[in-house]
Amino acid sequence: MSKKNPNNVGSSRRDFIRNLAFGIGGVSALYYGLPEAIGRNIDTRLSSIAKKSKDKLGIALVGLGSYSTHQLAPALQQTKNCYLAGIVTGTPSKAEKWKEQYSIPDKNIYSYENFDTIKNNPDIDIVYVVLPNSMHAEYTIRAAEAGKHVICEKPMATTVEDAEKMVEACKKANRLLAVGYRLHYDPHNQHMMKLGQEQTFGKIKTLEAAHSFVIGNNRNAWRLDGELAGGGPLMDLGVYCTQGVLYTLGETPTAITAQFGEVTKPNLFDSVEQSISWQMEFPGKAIAKCTTSYADNGNILRAEAENGWFELSPAYAYGGIKGKTSEGPMNLPQVNQQALQMDDFAQCVMKKQKSIVSGEMGLRDVKLLIATYEAARTGEKIKLKL
Ligand code: NAD
């Protein structure tokens, strides 16, 4: 083993992150510590007084569902470089509630119908699309055409064509596009990248990734609707496994095989898969085995290398991520991933730098997800040239 202490982050961490194999600069925000406000009982009405300045960009959230309500809006009370400036919603009662809770002026509240007039609003620099998956493309493209930079939730799109159009629209409008890949800002997942890509335990031979949960019985939920979700747990949770394997290894797969799992709840899973397993082959000969399901529990990212192993479990949670290696437990802080992610994007906009979780990365992943479905459907090994 080449490093003395693989479980703690040393002073070379920033340098490593800067040099990550993604080939993109501008990630100095990645590993700053917890924002001061974390852990304090914040009065959101007071905190929203901090407003636009040259150091703070305005974000508008599109879609005020669970993730916006419980993760993004609270995280935006802890960001240093951006703030919650506006909302886009189809539900007037939500608009009233958010307006009161976050002191959002009427002029910064939009419906899906008048959304395009956001282009005349200098308070909004960044639009964050937090809608069901198949709606990501439309709102990302409309936002770019309105002159706004865009963060789009994962999976970036439900088809490769849509993902390509999104990248193209942002390029044409000269706007930045990023995907809400919050785990790139979590120290544990960053440490997996470091251990894997620096080959601290030697060359990786195998990787294992699983992300599953038991979904509720609401037959009408958009996650169970193939049209809106673009697929089942692979689109929603499996994307984290594919991401985790790729950033741990620092390689892109050359081939995928996959198998759909058994359907034990046909009343729920008639338009999306209940579960799927897939295997990826990599140029350096590593093999990854991944699974995801809406009828099981699982949350792990693990690598076996020549001289040891390293893993996270849980690996993909908003907090409480735990890591260990064959040398012992990882000793790393918990952070607000979403606050760091949005601050980094705001800094990218201010510095005119591409995000480390760019639209191109989102497009690559959509290609991988679609290839995974093709492998499961056909039973063939799908060869990839990405
Ligand atoms: P949600 O169901 O809680 O919210 C979806 C929102 O979209 C609601 O406000 C709903 O009113 C609105 N909406 C507009 N048109 C709709 C339509 N035709 N059908 C259904 N809803 C419609 O979902 P969520 O959990 O907030 O997920 C939203 C997006 O965020 C998804 O793309 C999901 O993958 C992503 N997400 C990401 C993370 C993460 O950790 N990065 C976590 C959760 C969700």
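No lab work stands behind these numbers, since they all come straight from the coordinates. Just so we're clear, the structure is a prediction, and the values are computed from it rather than from any experiment. Note: ideal-geometry Cβ built from the backbone for every residue, glycine included; neighbour counts use all protein chains shown.
What the table below lists for this structure:
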read-out	value
Breaking point among (1) within 14 Å of the ligand (Cβ to nearest atom); (2) not in a strand (DSSP E or B), for Asp296	(1)
Residue tally, condition surrounded by 16 or more Cβ atoms within 10 Å (Cβ to Cβ) and within 14 Å of the ligand (Cβ to nearest atom), over segment 113-126	1
Residue that is in contact with a strand residue (DSSP E or B) (Cβ under 8 Å, 6 or more places away or on another chain) and closer than 26 Å to Leu340 by Cα, where the choices are Gly232, Gly196, Gly202, Gly147	Gly196
Tally of residues being away from the ligand (no atom under 15 Å from the Cβ) and either more than 25 Å from the chain's Cα centre (by Cα) or assigned to a loop (DSSP other than H, G, I, E, B) (or both) across segment 81-100	3
Candidate set: segment 191-227, residues that are of a type outside the set (A, V, I, L, M) and assigned to a strand (DSSP E or B); chosen: the one farthest from the ligand (Cβ to nearest atom)	Lys205
Residue match in segment 263-282 (condition: touching an Asp or Glu at 6+ places or on another chain (Cβ under 7 Å), in a loop (DSSP other than H, G, I, E, B) and either of a type in the set (Lys, Arg) or away from the ligand (no atom under 16 Å from the Cβ) (or both))	yes
Complete set of residues in segment 134-165 that are within 11 Å of the ligand (Cβ to nearest atom), polar (S, T, N, Q) and surrounded by 24 or more Cβ atoms within 10 Å (Cβ to Cβ)	Thr158
Members of segment 58-80 found to be within 11 Å of the ligand (Cβ to nearest atom) and either surrounded by fewer than 19 Cβ atoms within 10 Å (Cβ to Cβ) or of a type in the set (Phe, Trp, Tyr) (or both), listed by number	Gly65, Ser66, Tyr67, Thr69, His70, Gln71
